[in-house]
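Asker: Dumping the structure here so I can ask a few things about it.
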């Protein structure tokens with residue numbers, strides 16, 4: 001979705017820039033979730049919705065207009081240090097390292113001169129660009145960062161040439177420096193001139209090049225494609241890295257906020273009661289719909305909440321059974337989101353059908369929501385773990401009734417997000433308390449608060465049927481799904497979109513049938529529930545991949561075909577099909593798919609195209625003492641060009657573990673309108689001893705990155721495990737988490 | 001009361017019943033020790049008391065008086081010329097590129113350091129058992145296994 005054609009160049013006009021530094025701000029196009037595509041009006045009929053949903057679900061929607069703010073900020077000091085400000089937030093995915101590799105490669109930096117920093121609004125970055133989501137960071141920024149870096153390299157080269165009085169063509173970049181090639185020969189003449197020297201000696205204004213500078217070919221890459229050590233790990237293993245929960249400032253106090261007893265309940269009346277006179281309490285802050293306490297310690301703040309006099313009204317007392325009844329597929333209706341051929345006319349023959357269910361899940365990111373707010377007059381600074389500084393800024397501005405320009409958001413390291421750190425915002429809570437108490441306030445949610453009041457992975461149900469002819473060929477496939485909301489969640493998303501599309505496009509992600517069956521149909525049912533649900537790693541691709549890929553295994557069994565051969569037979573058309581074939585063959589080779597597994601074990605396979613990436617997973621499982629045990633996993637991924645192979649492997653390994661935790665353990669339930677589980681004692685996660693060994697095969701299928709890696713793999717896991725257990729025992733597992741009969 | 005953390009003495013005003021985690025993090029500002037669950041389940045808050053791994057979120061500060069407390073900030077050493085020298089566990093976690101978000105990793109490394117001190121040449125099964133009570137939501141388990149085994153090697157090489 002990257003718009004590569006609309007680069008525009010801007011000159012820095014910022015104040016306070018030392019002449020000993022070198023600054024360049026260049027804009028360019030960036031892909032984003034294309035809400036802007038929804039301009040056709042609210043009365044689209046079925047055909048229009050079908051087209052629109054296809055755009056969203058295949059990622060072909062047009063990009064938004066290019067922002068004026070920079071994509072990347074370079075600062076080269078006279079001592080030759082290259083500071084690199086990266087406009088994406090590091091939450092463990094290695095994005096600071098990967099994007100620094102891209103930038104350093106094209107700028108020809110010596111790696112040891114590179115210092116990576118979090119980009120924020122202080123350097124002009126648009127908070128919307130910093131939104132880190134959807135496995136999009138590399139694909140969106142790869143090309144623009146290279147173009148900026150190449151322009152900078154050429155500016156340095158022509159300036160160095162002027163300073164040395166030689167032709168620019170004779171200057172060869174040698175890593176944060178140029179050397180002069182001897183006239184008429186190949187030898188490089190000592191001494192090199194460093195970028196820092198060029199910058200320090202520069203007189204007058206820099207001129208940005210009028211034309212796009214030549215970019216390196218893949219054969220010239222120095223850093224791209226290498227497993228370079230993560231830039232954030234030294235600070236992380238020594239405990240120095242600062243996350244939102246670690247943010248501190250002199251004189252800060254601790255806040256706690258009253259929470260409703262039921263989802264959807266609002267505060268009708270609140271009074272301080274005796275809270276204000278409790279030891280350590282500094283302030284009780286009560287305003288419309290909000291009550292909180294600021295105290296000397298977190299424990300005292302939380303203890304004082306019990307002394308508040310609160311009256312809640314409204315909300316839900318829904319039960320788990322009622323939720324499951326709501327999220328179900330009705331006999332008719334729904335929005336058609338894929339139509340290939342004619343399913344009805346070809347729906348005869350042998351019918352195979354199955355339904356699958358995915359429960360709610362907690363993100364259980366180990367750092368709960370946290371923010372520090374410092375109010376200074378009518379301005380506020382928020383230091384927080386957020387995926388979206390823009391949403392935090394807007395929430396804080398709305399909470400304090402001030403202009404968004406008065407809110408500065410400092411994105412800290414994120415201690416796990418998986419979709420959880422955007423939307424419902426602790427920054428606004430800290431801001432209200434800081435303003436009310438007149439001191440800087442840190443609010444860090446407890447685990448209980450995070451588990452009970454964080455939004456959840458939406459529950460989903462998928463139902464599929466297919467027709468096989470007498471030769472075992474699939475003639476038609478029908479997929480129907482119902483999901484609670486993600487993007488349509490009124491508190492965090494864009495509900496208007498649902499009225500136009502008739503779907504939640506994020507919940508519908510991954511629901512289209514890409515296999516080359518002649519007749520295909522997918523229908524979406526919008527089934528919101530009164531429990532907050534939203535982004536969770538993989539979005540709709542998690543339940544939809546579980547359902548489609550397990551059903552593929554069921555179809556292969558019905559057709560009497562090996563599941564690998566079955567997928568190869570129906571691989572998607574064209575280049576995508578070639579990519580499917582490559583990852584399937586790679587994972588089959590690595591896992592020894594054609595060979596019989598060890599006694600008592602069986603293998604299962606699943607494949608996906610998601611976020612531009614094609615992946616195939618094989619797991620090897622057994623049943624021990626009535627429990628499913630996954631011993632080994634092999635995953636082949638093709639995201640196009642891989643920037644950092646070890647980082648890519650880490651994302652895949654992590655996705656497999658998180659997917660396996662959902663497959664075997666996690667089920668978030670609601671009783672009486674509130675979370676049944678409050679902490680890990682009632683919501684256990686997968687542990688180390690339960691983790692398989694994992695082999696990742698990263699396939700470099702091209703000269704540029706075309707897909708993300710943070711999410712596509714997670715939904716493969718339940719499908720592969722279900723298929724392995726079927727191969728082992730003949731039992732089909734269709735509801736997460738799996739329990740054996 | 002007086003606490004000794006990473007060989008440094010601190011005079012802190014705390015209630016005896018306050019949890020050690022919050023005294024370390026909030027009162028003293030040593031934020032390398034992380035909060036994950038407050039219930040002693042996830043292991044993010046693991047520190048050493050006299051070399052033993054304990055969960056600081058369920059340990060009262062009064063239990064740490066007169067005891068040598070070590071946090072992640074005290075795991076690395078300073079060389080004679082003032083350079084920071086990572087503990088073998090920290091070296092191994094970097095070498096194997098194990099952490100992702102790393103919120104759990106202070107606790108993972110403190111757990112591993114105490115374990116390896118008592119069992120310098122563990123089997124794979126012993127590593128699994130020792131590290132099984134620390135959650136990692138990013139899913140770095142396979143690498144944690146490798147990293148702990150590698151840390152044992154590094155420590156052996158250093159001792160040799």
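Asker: Does anything in the range A:99-140 have its amide N under 11 Å from the 7 Å Cα→Cβ label point of residue A:164, and if so which residues?
Answerer: No residue qualifies, since no backbone N sits under 11 Å from the label point.
Asker: Let me have the 222 nm mean residue ellipticity of chain B computed from DSSP H runs of 4+ only, each contributing -39500 (n - 2.57), with the sum over all residues rounded to the nearest 500.
Answerer: About -9500 deg cm²/dmol.
Asker: So between residue A:218 and residue A:326, what do we pick up on full extension, going 0.36 nm a residue minus the alpha carbon distance?
Answerer: Full extension from residue A:218 to residue A:326 adds 33.7 nm.
Asker: Hey, fewest Cβ within 10 Å first, where do B:131, B:1 land in order?
Answerer: Ranking B:131, B:1 by Cβ neighbours within 10 Å, fewest first, gives B:1, B:131.
Asker: Can you compute the helix-only [θ] at 222 nm over chain A? Use -39500 (n - 2.57) per DSSP H run of at least 4 residues, normalise by all residues, nearest 500 deg cm²/dmol.
Answerer: -8500 deg cm²/dmol
Asker: Going by the alpha-carbon gyration tensor, a ≥ b ≥ c the square roots of its eigenvalues, is the range B:109-160 rounded (a/c under 1.5) or, if a/c is not under 1.5, prolate (a/b greater than b/c) versus oblate?
Answerer: prolate
Asker: Tell me, A:467, A:655, A:483 in order of fewest to most beta-carbon neighbours within 10 Å?
Answerer: Listing A:467, A:655, A:483 from fewest to most nearby Cβ atoms yields A:467, A:655, A:483.
Asker: If a/c stays under 1.5 just call it rounded; otherwise compare a/b with b/c (prolate if a/b is bigger, oblate if not). Do that for chain A, with a ≥ b ≥ c from the square roots of the Cα gyration tensor eigenvalues.
Answerer: It comes out oblate by the Cα gyration axes.
Asker: Further question on the same structure: Which residues does the label zone of residue B:78 cover in the range B:1-20, counting backbone N under 17 Å from a point 7 Å along Cα→Cβ?
Answerer: Under 17 Å, as judged by backbone N against the label point of residue B:78, lie B:5-10 of the range B:1-20.
Asker: Moving to a separate point now. Alpha carbon centre of the range B:1-80 versus the range A:593-629: separation in Å?
Answerer: 42 Å
Asker: Under 10 Å, Cα contacts only: if you run a Gaussian network model on chain B, which one of B:80, B:128, B:26 comes out with the highest mean-square fluctuation?
Answerer: The residue that fluctuates most here is B:80.
Asker: Still on this structure: Once the Cβ-Cβ distance between residue A:248 and residue A:732 is put in as r, and R0 is 60 Å, what FRET efficiency do you end up with, to the nearest 0.05?
Answerer: 0.70
Asker: Further question: Nearest 0.05, what FRET efficiency do residue A:594 and residue B:13 give at R0 = 60 Å with Cβ-Cβ as r?
Answerer: 0.30
Asker: With r defined as the distance between the Cβ atoms of residue A:205 and residue A:405 and R0 fixed at 25 Å, what FRET efficiency is calculated, to the nearest 0.05?
Answerer: 0.30
Asker: Which whole number gives the average, over all residues in B:127-138, of C-beta atoms from other chains lying within 10 Å of the residue C-beta?
Answerer: 6
Asker: Compute the projected area of the convex hull of the Cα atoms of the range A:665-716, averaged over all viewing directions, and report it in nm² to one decimal place.
Answerer: Here the figure is 6.2 nm², rounded to one decimal.
Asker: Counting other beta carbons within 10 Å of each residue's own, what order do A:393, A:521 fall into, fewest first?
Answerer: Sorted ascending by nearby Cβ count, the order is A:521, A:393.
Asker: Compute the length gained on full extension between residue B:4 and residue B:121: take 0.36 nm times their separation in residues and subtract their Cα-Cα distance, giving the result in nm to one decimal.
Answerer: 39.1 nm
Asker: Could you calculate the contour length gain from residue A:172 to residue A:319, that is, 0.36 nm times the residue separation minus the distance between their Cα atoms, to one decimal place in nm?
Answerer: Additional length available on full extension: 46.0 nm.
Bear in mind these aren't lab numbers, they're just calculated from the coordinates by the rules spelled out. These numbers come from a predicted model, not from an experiment. Cβ: placed from backbone, ideal geometry, glycine included. Neighbour counts: every protein chain shown.
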